[in-house]
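Comments concern the structure below.
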Ligand code: PRP
Ligand code: URA
């Protein structure tokens with residue numbers, strides 16, 4: 001029996017290769033962002049494998065055939081600000097027509113509790129697939145609060161994609177939201193006393209936006 005049944009770790013060699021450079025403290029801001037985008041694209045490929053498709057008739061130059069398309073407008077990307085913004089371009093490479101629903105929250109430095117400062121709900125939430133993206137799942141507080149908010153506003157189908165997850169965060173998130181699948185590039189060892197992930201990659205927001 002899996003300890004974390006809702007967690008999928010992608011062991012794809014390219015994801016693991018790129019994550020190694022993302023973790024490296026000597027990686028420049030420019031390369032860090034490029035790699036976060038690339039891993040975002042690769043993880044999005046995995047997370048979207050169960051998207052529903054719709055049959056359409058297509059005229060090729062030679063014949064008419066039945067093809068299958070995704071209703072991209074039904075997919076809603078939910079970047080958890082700020083650091084989640086770093087994964088948006090990567091997902092848009094695959095699903096350029098998806099909607100984007102920004103959710104602003106930060107983790108209070110002393111209490112580590114999430115503080116929400118921006119959210120604009122989507123219309124017809126029950127008919128959409130929400131894809132929350134944030135590089136880090138540490139205590140789980142930010143992701144849990146985000147999923148709470150989406151559900152309160154009617155979302156029924158939510159998935160969560162991150163780069164690095166801590167066992168503490170996965171445990172808390174799956175306890176709060178056992179219906180939401182988590183896709184991550186790595187499950188790390190633990191949190192330190194400041195609730196940073198070890199070995200982790202440091203502060204994702206600061207490295208993406210050069211704020212340290
Ligand atoms: C980071 C990260 C997550 C959160 C994870 O954001 O991007 O949102 O911390 O920690 P948690 O699982 O313990 O809640 P932060 O609060 O540093 O804000 P930022 O994205 O604006 O840098
Ligand atoms: N937020 C980050 O950016 N990094 C961590 O390790 C934990 C929370």
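Every number here is computed from the coordinates shown, using simple stated rules; none is lab data. Treat the numbers as computed from the prediction; the structure is a model and nothing was measured. No Cβ is skipped: glycine too gets one built from the backbone with ideal geometry, and neighbour counts run over all protein chains shown.
Inspect segment 87-95 for any residue being out of contact with any helix residue (DSSP H, G or I) (no Cβ under 7 Å at 6 or more places or on another chain) and within 13 Å of ligand 2 (Cβ to nearest atom) and give the result as yes or no. Checked against the condition, which is being out of contact with any helix residue (DSSP H, G or I) (no Cβ under 7 Å at 6 or more places or on another chain) and within 13 Å of ligand 2 (Cβ to nearest atom), segment 87-95 yields no hits at all. Is it the case, given these coordinates, that residue 154 is crowded, with 19+ Cβ neighbours inside 10 Å, more than 10 Å from ligand 1 (Cβ to nearest atom) and on the phi > 0 side of the Ramachandran plot? Taking the combined requirement at face value, the residue does not satisfy it. Each residue in segment 132-177 was checked for being within 16 Å of ligand 2 (Cβ to nearest atom) and part of a helix (DSSP H, G or I), and 13 pass.
For segment 189-212, how many residues are over 17 Å from residue 82 (Cα atoms) and either in contact with a helix residue (DSSP H, G or I) (Cβ under 7 Å, 6 or more places away or on another chain) or more than 12 Å from ligand 1 (Cβ to nearest atom) (or both)?
Looking only at that region, the number is 6.
Any residue at all in segment 135-146 that is free of Cβ contacts under 8 Å to residues at least 40 places away in the same chain, within 12 Å of ligand 1 (Cβ to nearest atom) and touching a helix residue (DSSP H, G or I) at 6+ places or on another chain (Cβ under 7 Å)? For segment 135-146, residues free of Cβ contacts under 8 Å to residues at least 40 places away in the same chain, within 12 Å of ligand 1 (Cβ to nearest atom) and touching a helix residue (DSSP H, G or I) at 6+ places or on another chain (Cβ under 7 Å): present.
Output the residues belonging to segment 72-91 that are surrounded by fewer than 20 Cβ atoms within 10 Å (Cβ to Cβ) and more than 22 Å from residue 138 (Cα to Cα). Within segment 72-91, 72, 73, 74, 89 meet the criteria.
Scanning segment 96-106 for residues that are surrounded by 17 or more Cβ atoms within 10 Å (Cβ to Cβ) and more than 16 Å from ligand 2 (Cβ to nearest atom), we see that the one that is farthest from the chain's Cα centre (by Cα) is 98. For segment 18-29, the condition holds for no residue, the condition being that it is in contact with a strand residue (DSSP E or B) (Cβ under 6 Å, 6 or more places away or on another chain) and closer than 28 Å to residue 123 by Cα. In a residue-by-residue description of segment 168-186, the property of being in contact with a strand residue (DSSP E or B) (Cβ under 7 Å, 6 or more places away or on another chain), closer than 22 Å to residue 88 by Cβ and within 11 Å of ligand 1 (Cβ to nearest atom) applies to at least one position. Note on segment 107-131: residues that are crowded, with 23+ Cβ neighbours inside 10 Å and either within 14 Å of ligand 2 (Cβ to nearest atom) or in contact (Cβ under 8 Å) with a residue 60 or more places away in the chain (or both) total 1.
Could you please give the count of residues in segment 178-199 that are in a loop (DSSP other than H, G, I, E, B) and under 16 Å from the mean Cα position of the chain (by Cα)? So the count comes out to 2.
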